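One structure below.
Each value in this text was obtained by applying a stated rule to the coordinates, not by laboratory testing. Remember, predicted model here, so these are calculated numbers, not experimental data. Note that we place each Cβ from the backbone using ideal geometry, even for glycine, and neighbour counts take in every protein chain shown.
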């Protein structure tokens, strides 16, 4: 059986490794548009941008591993079309056939429209190695940076820039930062952390356009102000890469629609990682995290080899900002009540999310104990009462 994987990120590397570990001895090919072997993305905009981690440490597997495993890496090659009936892939270098196809296409950063100046030189996004390599020489002390977007991408970029000595203004059009992904209590902790480090945060103000003609010079706000800038980072989220799947006739719904085994709507094709959506509580859910990419990819590999199993969702995420770590367990969608606990030390605490009386998620800032206990409770289906969480002298007692 010839297996081809299109996309060469975390999910692709995990899928390929699992296939070999589970006994697939047939041809295995990974096609990636970037010219480098699969690498970690989370450190790109943090340790790599700061110069604390080199490319050799970013890569997920050494070149010798791919060779030893007999996996063909076709890098710098772009897949143009998939023919599900003929089971054939067309790339910018030719065609190849497959028996089973894994789509690990990832996601692309959103940009402001060109009419708003979103494509002007001097505006940047943070997604792949090329983005960071283009940005790094400009991140010099004293430069004025405007970050557009108050989600995790924008906040992480702001934190790195301040550590490098830039003057940073972060603009969020919504009433507060993290409005779509976290409770106001978590946002308050993160806001205080950034302000303590000198980040200027402007909330509830929109952008009319990026100023400048040949190059971005600032950001014009809808209240008439203009914030001057030497460079601008657009941290306004990502969108799943689905064009290849759409053109092949695969069903889309919040990404490439799959079942709990990663199977797509047409036979012989699976999807995993940021491009794929899974059924969850009556909708199709995308989980943009390293842990989810690995779990989904391994589940797909098992199913390709006839060892299928439904994926058990164990959502967990993290975000490094300054010297603080935000750890998240569970999914807070639909929460109707939160409980907060103070942590020990500066900028530390946890937020516990409930829906209809059941614990569904925990945010923990500089509080690894709260995170680990909350994660164990959620995975075990245990739900201490909110008042117990609020008053427990020792969180570990909740596990009993």
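Per-structure values
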| quantity | calculated |
| --- | --- |
| Label point distance in nm, residue 134-residue 387, each placed 7 Å from Cα along Cα→Cβ | 5.7 |
| Modelled label reach - residue 376, point 7 Å along Cα→Cβ, segment 356-370 residues with backbone N closer than 12 Å | 369-370 |
| Relative contact order (%) - segment 323-399, alpha-carbon pairs under 8 angstrom, separation at least six | 29 |
| Semi-axes of the equivalent ellipsoid for segment 1-63, Cα gyration tensor, largest first, Å | 26, 11, 9 |
| Backbone N under 15 Å from the residue 337 label point (7 Å along Cα→Cβ), restricted to segment 348-382 | 352-361 |
| Residues residue 281 and residue 309, FRET efficiency given R0 of 25 Å [Cβ-Cβ distance, rounded to 0.05] | 0.80 |
| Distance in nm between pseudo-label sites at residue 56 and residue 25 (7 Å out along the Cβ direction from Cα) | 3.6 |
| Kirkwood-based Rg to Rh ratio, segment 194-245, C-alpha trace | 1.09 |
| Listed peptides 67-74, 7-14 by packing density, highest first (mean Cβ within 10 Å) | 7-14, 67-74 |
| Residues 144, 309 arranged by fewest to most Cβ contacts within 10 Å | 309, 144 |
| Orientation-averaged projected area, Cα convex hull of segment 268-312 (nm²) | 3.2 |
| Relative contact order (percent, whole number), segment 203-276, Cα cutoff 8 Å, 6+ residue spacing | 17 |
| The chain: relative contact order as a whole-number percent, Cα under 8 Å and 6+ apart | 14 |
| Radius of gyration, Dmax [segment 4-135; alpha carbons; angstrom] | 16.6, 52 |
| Within the chain, helix-based [θ] at 222 nm, where runs of 4 or more DSSP H residues each add -39,500 (n - 2.57), nearest 500 | -6500 deg cm²/dmol |
| Overall form of segment 244-362 per C-alpha gyration tensor (a/c, 1.5; a/b vs b/c) | prolate |
| Per-selection metrics, segment 323-399 (Cα): Rg and Dmax in Å | 11.3, 35 |
| Rg/Rg_ref, segment 111-234, where Rg_ref = 2.2 N^0.38 Å and atoms are Cα | 0.99 |
| Debye log10 I(q)/I(0) at q = 0.09, 0.13, 0.14 Å⁻¹ for the chain, Cα point scatterers | -0.60, -1.18, -1.30 |
| Cα-based Rg / Dmax (Å) for segment 299-338 | 16.1, 45 |
